[in-house]
Amino acid sequence: MKLATLNDGSRDGKLVVVSKDITRYCLADNIAPTLQAALDDWNALAPKLEALYTDVEHQAVPCERFHEREAHSPLPRAYQWADGSAYINHVELVRKARDAEVPESFYHDPLMYQGGSDTFLPPRANIPLGDEAWGCDMEGEIACITDDVPMGVSSEEAASHIKLLMLVNDVSLRGLIPGELGKGFGFFQSKPSSAFSPVAVTPDELGDAWKDSLIHLPLMVDYNGEPFGRAEAGEDATFSLADLVAHAAKTRTLGAGAIIGSGTVSNKGEDGGPGKPVSEGGRGYSCIAEIRMIETIANGEASTRFMRPGDTVSVYMNDKDGHSIFGTIAQEVVKA
């Protein structure tokens, strides 16, 4: 099943069921007015939404043309947005660039921060940037949306609470991060509003590409119209999405509609070392910081700049037949 939220100007938009090929939609307001409302009563409402999805596929109900530019993030705001770090290769590169060891605990105890969830950007909205010195970066990620998750669930139990999957551009202001982390309290100003894919999908939509609570497909990131990242989301993951959900729920319940992110999708190179750019036959990177780390390791300094007004980024994922699964996050950086 594929769901989206039309950006009608209201805070939470309108819930729609979208066709598998992401070309048509049908309003679902007779079932639930918003995606959050559907998640609040998921067990009762999901079968009704699935039935509508079947009708949309069979063109048994009136549909309208689905335009991704008219969609908001599936949840325009959420009760919870927590982002983990499933791909430790990314963390290893960050540490190596500044000659720091990765603590052993990072390999069995996930990193996670609590992000701002009161406002998300629509997937085709501009990224407002107040100052180029803030070091604006994209981060291509996978995210899941849960139903109500009990405190203390195991990873195996957490997997059953993953109801929807999305892509994320987790915007980061790299120039502000060191100062904030230096205070010992973590991210806040350095993590502005993120954007999620136009469409959220149930895990069964991915078929055998959904395995062990990971998506086994490349995450596509284009920067200024050129391939920048083609990292395999099912490889080099120290933790699964279920592991991250269980980590988030260790000491608290998670309310329906909680969003848990994977962190930057990152692969090692073929030789086990840093990966190569797409232009050199590698899988590239899901964020600019990673290529800057590799440049620093190799040359003593970074040469790739962070984003500035006029730069564009796209994040998307195709199935094995080349068809878009989630639609495309396509954004331009603009002066705020």
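The values are calculated or read from the model by the stated rules, or taken from the named source; none is laboratory data. None of these values were measured; they are calculated from a predicted model. Every residue, glycine as well, gets a Cβ built from its backbone with ideal geometry; the counts of neighbours run over all protein chains shown. Side chains are part of the model used for accessible areas, which takes the heavy atoms of the whole protein and leaves out ligands, DNA and RNA. Shrake-Rupley method; radii C 1.70, N 1.55, O 1.52, S 1.80 Å.
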>> Per residue of the stretch 251-260, what does 6.51 cos²θ - 1.76 cosθ + 1.60 with θ = phi - 60° give for ³J(HN,Hα)? Whole Hz please, x for Gly and Pro, Karplus curve as stated.
In response: 10, 7, 7, 10, x, 3, x, 5, 10, 10
> Dipole of the chain (Lys/Arg Cβ +1, Asp/Glu Cβ -1, origin at the Cα centre): which of Ile260, Ser155, Leu27 lies farthest to the positive side?
Replying inline: Leu27
> Roughly speaking, to the nearest percent, how much of the stretch 2-156's 1.4 Å accessible area is carbon and sulfur?
Replying inline: 47
> What's the center-to-center distance, using Cα atoms, between the stretch 67-93 and the stretch 127-152 in Å?
Replying inline: 4
>> Could you tell me which residue out of Leu15, Leu49, Phe66 lies farthest along the dipole of the stretch 2-66 toward its positive end? Charges go on the beta carbon: Lys and Arg +1, Asp and Glu -1, centred on the Cα centre.
In response: Phe66
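Give, in nm to one decimal, the length gained when the segment between Glu332 and Glu157 is fully stretched (0.36 nm per residue of separation minus the Cα-Cα distance).
Numbers: separation 175, 0.36 × 175 = 63.00 nm, distance 3.92 nm.
Full-extension gain reported as 59.1 nm.
Rounded to the nearest whole Å², what accessible area per residue is found for the chain with the 1.4 Å probe?
Details: 14660 Å² over 336 residues.
With all protein chains present, the chain gives 44 Å² per residue.
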>> So if I place +1 on the C-beta of Lys and Arg and -1 on the C-beta of Asp and Glu, and nothing else carries charge, what would the dipole magnitude of the stretch 118-209 be about its Cα centre? I want it in debye, nearest 20.
In response: 380
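May I ask for the equivalent-ellipsoid semi-axes of the chain, computed as the square root of five times each C-alpha gyration tensor eigenvalue and listed largest first in whole Å? Write out the running numbers ahead of the final one.
On the way: eigenvalues 199, 94, 74 Å².
With the √(5λ) rule applied to the chain, the semi-axes are 32, 22, 19 Å.
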> In terms of modelled amide H atoms, which long-range or inter-chain residues lie less than 5 Å from the amide H of Phe66?
Replying inline: Arg24, Tyr25
> Which of Met293, His216, Thr146 sits farthest toward the positive end of the charge dipole of the chain, with +1 on the Cβ of Lys and Arg and -1 on the Cβ of Asp and Glu?
Replying inline: Met293
>> Through the Karplus equation 6.51 cos²θ - 1.76 cosθ + 1.60, θ set to phi - 60°, convert the phi angles of the stretch 312-320 into ³J(HN,Hα) values in whole Hz; use x for Gly and Pro.
In response: 10, 9, 10, 10, 7, 8, 10, 6, 5
> How far is the Cα center of the stretch 1-40 from the Cα center of the stretch 240-268, in Å?
Replying inline: 24
> For the stretch 117-223, what size does the Cα cloud have along each of its three principal axes, sorted from largest down, in whole Å?
Replying inline: 43, 34, 23
> Mean separation of Cα pairs under 8 Å and 6+ residues apart, divided by the residue count of the stretch 265-313: what relative contact order is that in percent?
Replying inline: 22
> How many lysine pairs in the chain, separated by 8 or more positions in sequence or lying on different chains, have Cα atoms less than 21 Å apart?
Replying inline: 22
>> Test of understanding: in a Gaussian network model of the chain with alpha carbons linked when under 10 Å, which of Ala302, Ala200, Ala258 would top the mean-square fluctuation ranking?
In response: Ala302
>> Which of Asn89, Asn30, Asn126 ends up with the largest GNM mean-square fluctuation for the chain, with Cα atoms connected below 10 Å?
In response: Asn30
>> For the stretch 190-299, take the convex hull of the Cα atoms, compute a quarter of its surface area, and give me that in nm², please.
In response: 9.4
> Looking only at Val313, Val199, Val91, which one moves most when the chain is put into a Gaussian network model with springs between Cα atoms under 10 Å?
Replying inline: Val91
> Assigning unit charges at the beta carbon (Lys, Arg +1; Asp, Glu -1) and nothing else, what dipole magnitude in debye, to the nearest 20, does the chain show about its Cα centre?
Replying inline: 720
>> Suppose every Lys and Arg Cβ carries +1 and every Asp and Glu Cβ carries -1, with no other charges. What dipole size does the stretch 179-302 come out with about its Cα centre, to the nearest 20 debye?
In response: 580
